[in-house]
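Notes follow once the structure below has been shown.
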Amino acid sequence: MAKRRSLGTISGLGGPWARGFLVILVLLSIALLAIDRARPEQSPFFHIKQVVADSTRPVLTILSAPLRTLNQVSAAIASNWQAAKRVRELERDNRNLMQWRDLALALHEKMSRYEELLGAPKAPTPIVITARAITDAGGPFVRARLVNVGTDDGVAEGQAVLAYNGLIGRIMSVGKRTARVLLLTDLNSRVPVFITDIGAHAILAGDNSGAPRLIYIERGVQVDAGMRIITSGEDGVLPRGLAIGQIAPTGGKEWRVSLFARPERVDFVSILEVPAIQFEEAPPAPADAEPALEPNVEDGTSTAPVAELAIPASGGR
Amino acid sequence: MPLFPFMAIYFWSMTRPDYMPYAAIFVIGLFQDVLTGGPVGLWALTYLLTVVIVSTQIDVIAGRGRSALWAGFILAAVVATVLVWVIARIALGPDPAGGAAWF
């Protein structure tokens, strides 16, 4: 103990040299914070972060293995908990979904016939890049995850990232072999969405909680819990029609969305590489933003299983 | 990610401080900031300040067995969490969309 105590005085708080160094380090951190600010895209560290992420990728891949196993075990326990009941529920769901599938196929067929008749431009079929999340969802102030694909695999900024059951975010920055996904729940995430049941536009704003808020909802519409939210594609970044979630029943004035996918729990993700929209006229001036939205309005012809079609789901849960 | 790096920082700062110099704490914090993509300097500052604060109680915590060390960790974790919240509130400013003050 005496030895520890004496060691403590050497570099714990003691020693004028160590103390001066400490002050320098603290000031340095404050300076870094001041430089970095809240907007990650404008930060001088933006690229450094991606380089570090790239170089630590092999280590992270190995380190994420035990966590993945743990997640799987806990998921297995959770799903076995009431297995019989779950089976009954799933059977019922399955019967429901069969009907929906028939309807979807019929509509799809009808839709493609109409498109043919009208000569509507075919929506580009997105290329799906499968990736694995290799880090956890950041700290208490960031909701972002690294995935193990980068520019080498065709990933680019702004691409949509989906779990099997819905959108989880978009690509925020890309390195050669890793990419950072900004989750829908992050404070900086703003996604234009469409409330399908009433046909209203809104913005889905993350606030680091589990359920993002709906802001700037169109005036004069009656929003209600259980309504379905899809991407509207108004930003020209994400394709239209990706499933996001349902409006959660909240008592207060603000509306929140319970996401179909749980961004913080997702392991494997699909990244949608939508081919760039080809403009035949002159490049669009900044003033006319509305024609840019037309070509990607139709997402119905996509055959990729993950690109959920904008078929109305049942209102209930 | 919970305070995983802080467990190591705390343990070594309390038992063998010379194994965990300030520079190392700073680098660990910086690495965590860069890796999680958060504001750079946030965790570096938090870890440094927490160690400074908890080190004032090193005589109570260190060398008194495991329970004292654990009690110290609970204290340290609370200090770190409060600190990181305060620093983030100052550094990041209010929610741009005008959200709740407590996030």
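The values are calculated or read from the model by the stated rules, or taken from the named source; none is laboratory data. Owing to the predicted nature of the structure, the values given are computational and were not obtained by experimental measurement. Positions of Cβ are generated from backbone atoms using ideal geometry, with glycine treated the same way; all protein chains shown enter the neighbour counts. Just the protein is used for accessible areas: all its heavy atoms, side chains included, with ligands, DNA and RNA removed. Shrake-Rupley method; radii C 1.70, N 1.55, O 1.52, S 1.80 Å.
Results, tabulated for the structure shown:
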{"item": "Sites residue B:18 and residue A:68, calculated FRET efficiency, Cβ-Cβ separation with R0 35 Å, nearest 0.05", "result": "0.45"}
{"item": "Between region B:1-80 and region A:182-244, the Cα center-to-center distance that results, in Å", "result": "40"}
{"item": "Heavy-atom accessible surface of region B:4-92: percent carbon and sulfur, 1.4 Å", "result": "75"}
{"item": "Interface A:B - total buried accessible surface [probe 1.4 Å, Å², rounded to 100]", "result": "3700"}
{"item": "Cα-based Rg and Dmax for region B:4-92, where Dmax is the largest Cα-Cα distance (Å)", "result": "12.8, 40"}
{"item": "Candidate lysines - alpha carbon under 24 Å from residue A:49, same-chain residues fewer than 8 apart omitted", "result": "A:176"}
{"item": "Taking region B:4-92 and dividing mean pair separation by its residue count, relative contact order in percent (alpha carbons under 8 Å, at least six apart)", "result": "27"}
{"item": "Rounded FRET efficiency, nearest 0.05, which uses the C-beta distance separating residue A:27 from residue A:87 and R0 of 56 Å", "result": "0.35"}
{"item": "Of B:53, B:90, B:25, the one that fluctuates the most in a GNM where chain B has Cα springs shorter than 10 Å", "result": "B:90"}
{"item": "Amide H contacts under 5 Å for residue A:245, placed H, 5+ residues apart", "result": "A:229, A:260"}
{"item": "Members of region B:1-30 that become less accessible by 20 Å² or more once partner protein chains are added (1.4 angstrom probe, chain alone as reference)", "result": "B:1, B:15, B:16, B:17, B:18, B:22, B:23, B:26"}
{"item": "Solvent-accessible area per residue for region B:4-92 (1.4 angstrom probe, square angstrom)", "result": "42"}
{"item": "Net lengthening on full extension, residue A:99/residue A:209 (0.36 nm per residue, minus Cα-Cα)", "result": "36.1 nm"}
